[in-house]
Structure formats: structure tokens, C-alpha cells
Amino acid sequence: DGGITQSPKYLFRKEGQNVTLSCEQNLNHDAMYWYRQDPGQGLRLIYYSQIVNDFQKGDIAEGYSVSREKKESFPLTVTSAQKNPTAFYLCASSIDRLANEQFFGPGTRLTVL
Amino acid sequence: QKEVEQDPGPLSVPEGAIVSLNCTYSNSAFQYFMWYRQYSRKGPELLMYTYSSGNKEDGRFTAQVDKSSKYISLFIRDSQPSDSATYLCAVGNFGNEKLTFGTGTRLTIIP
């Protein structure tokens, strides 16, 4: 089955800890995205990557970091510098940077204790 | 002013009713329009995608775009309890990989 997988589904973190959220896709898509979803707010773009070894900041990149070493994988690290990390994190991909349709993974719910 | 405005609801309708979900956007440069459906604690699922004014139909779903009014709608006919979800509109420009999302409308279909 082709698709986007995210792990873990639920993640708990103590304040001051960095955590890494996994996103893998087997759709052979070039572009990948990370969004954050909070109650009452639309999806907000954190980082995106159009090709391997390249990525750009989105609208709310502060306190986050990413890497894109492989086409299939786009992990997101939530660092201790992120002041309000509790949220639902969504990874998406599209065929390439010019493709408009983005397809989403199932999400990771991060809770900071 | 937000670039995309969407009534958060919640909206409750009886089974079988026609549902109308709406978004307005402020930037006339937006060229394509999408509707996503998101079940609780799941990722959004792309329902409809259109880039021209007018109607696009897919089964029980119709997406409508009025570029002159900067208004987009999603109609659901013969609504089912399985349609109960949050519906997100999204807009974008060709050649720009960024999408701008509405906040979502929470819909409940009452059996």
C-alpha cells in the first residue's frame, strides 16, 4: 500500500527535552511538509522540502528542525526552544513542488508534561 | 484579517439533509481551491480540488467556486452519519507550494 506513515501516534515529552517525529512516504513524492494543528486554528506550515538535502522554513519554524537525507523520509525535531509544543503534528507530501494536491499522514499528537 | 475565513461551527444536521460548508478568502491571487475531510484524531483526506469558477461534482459532493466574490463552498447531498467530521478548505497559487488553510468546520450528521 502506498501512503504516508507517521510515528509514534502519541508522544509525551518532559519540558526541556528534544523529540523527533518520524514521517515516511512510499509514494515517490519529491515534496514533503510538516504542519502543526491547534484547536481553533488552521494548519500552520512549519517546514517544507522540495528535494533531498534541501528544505525551507515555513510560517512557524522557530523551535523546530528538520532533515531530508532521503527522499522517503522527513523527520521533524521539536526542540526545547519551542515554547508551546503540545499540538497535533501532520506530515504531508506532494508529487513535486508544482503539484497542488498534498496528501497527509495520520498525525502525531505530542503532549508536553 | 485572515487570508481564509471559515465558520468553525459546530454544525449539526439530520441525516439525508443537504449540507453547505463555506469559506471566504481575501487574496484574489489564489488560483486553486481544495476541500479536505478530517475525522477526529486522523490526518486530513483530500476530497475535492478545483481551480476554476463554477461547480465540480464528485458523487454526493459538489465544490463551488465564485472567484468574483472570493467565496468557496462544499455541498454534501444525502448526508450520512459517516460524513460527520471536520471539513477544511485550502487555497493556493500555482507554482507556490504553500497552501493556506481555513480553521475547519465541525459537522455532525444526526441519524
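The values are calculated or read from the model by the stated rules, or taken from the named source; none is laboratory data. What you see is a predicted model; the values in this text were computed from it and never measured. A quick note on method: Cβ atoms are made from the backbone with ideal geometry, for glycine too, and the neighbour counts reach across all protein chains shown. Ligands, DNA and RNA are excluded from the accessible area calculation, which covers all protein heavy atoms including side chains. Shrake-Rupley method; radii C 1.70, N 1.55, O 1.52, S 1.80 Å.
Given the criterion under 22 Å from B:GLU3 (Cα atoms) and more than 12 Å from chain B (Cβ to nearest Cβ), identify the matching residue among A:ALA61, A:ALA81.
A:ALA61
Has region B:83-106 got any residue that is modelled with pLDDT of 95 or more, more than 26 Å from A:ARG109 (Cα to Cα) and out of contact with any Gly (no Cβ under 8 Å at 6 or more places or on another chain)?
no
In region A:84-113, which residue that is open to solvent by 60 Å² or more (accessible area, probe 1.4 Å) and more than 27 Å from A:ASN28 (Cβ to Cβ) is farthest from the other protein chains (Cβ to nearest Cβ)?
Restricting to residues being open to solvent by 60 Å² or more (accessible area, probe 1.4 Å) and more than 27 Å from A:ASN28 (Cβ to Cβ), the top hit is A:LEU113.
State which residue is farthest from A:TYR33 (Cα to Cα) when the search covers only region A:47-83 and only residues that are β-branched (Val, Ile, Thr) and buried (at least 20 other Cβ atoms within 10 Å of the Cβ).
Applying the filter and picking the extreme gives A:VAL78.
Take region B:30-56 and flag every residue that is closer than 19 Å to B:ASP7 by Cα and in a loop (DSSP other than H, G, I, E, B).
B:TYR39, B:SER40, B:PRO44
In this structure, does B:SER40 turn out to be within 14 Å of another protein chain (Cβ to nearest Cβ) and open to solvent by 30 Å² or more (accessible area, probe 1.4 Å)?
Yes; evaluated as a whole, the condition is true for this residue.
This table checks each residue for (1) within 14 Å of chain A (Cβ to nearest Cβ); (2) farther than 23 Å from A:TYR47 by Cβ; (3) in contact with an Asp or Glu (Cβ under 9 Å, 6 or more places away or on another chain); (4) open to solvent by 30 Å² or more (accessible area, probe 1.4 Å).
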| site | (1), (2), (3), (4) |
| --- | --- |
| B:GLU5 | yes, yes, no, yes |
| B:VAL19 | no, yes, yes, no |
| B:CYS23 | yes, yes, yes, no |
| B:GLY59 | no, yes, no, yes |
| B:SER73 | no, yes, yes, no |
| B:ASP78 | no, yes, yes, yes |
| B:PRO81 | no, yes, yes, yes |
| B:GLY104 | yes, no, no, no |
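Can you pull out the strands (runs of 3 or more DSSP E) entirely within region A:1-72 that have at least 1 residues that are small (Gly, Ala, Ser)?
Of the strands (runs of 3 or more DSSP E) lying wholly inside region A:1-72, those with at least 1 residues that are small (Gly, Ala, Ser) span A:4-7, A:19-25, A:31-37, A:44-51, A:64-66.
Of the residues B:ASN96, B:ASN27, which is part of a loop (DSSP other than H, G, I, E, B), without any contact (Cβ under 8 Å) to a residue 24 or more places away in the chain and open to solvent by 50 Å² or more (accessible area, probe 1.4 Å)?
Among B:ASN96, B:ASN27, only B:ASN96 is part of a loop (DSSP other than H, G, I, E, B), without any contact (Cβ under 8 Å) to a residue 24 or more places away in the chain and open to solvent by 50 Å² or more (accessible area, probe 1.4 Å).
Please work out which residue is surrounded by the fewest Cβ atoms within 10 Å (Cβ to Cβ), limiting yourself to region B:61-71 and to residues that are farther than 16 Å from B:VAL4 by Cα and hydrophobic (A, V, I, L, M, F, W, C).
Among those residues, the one meeting the criterion is B:PHE61.
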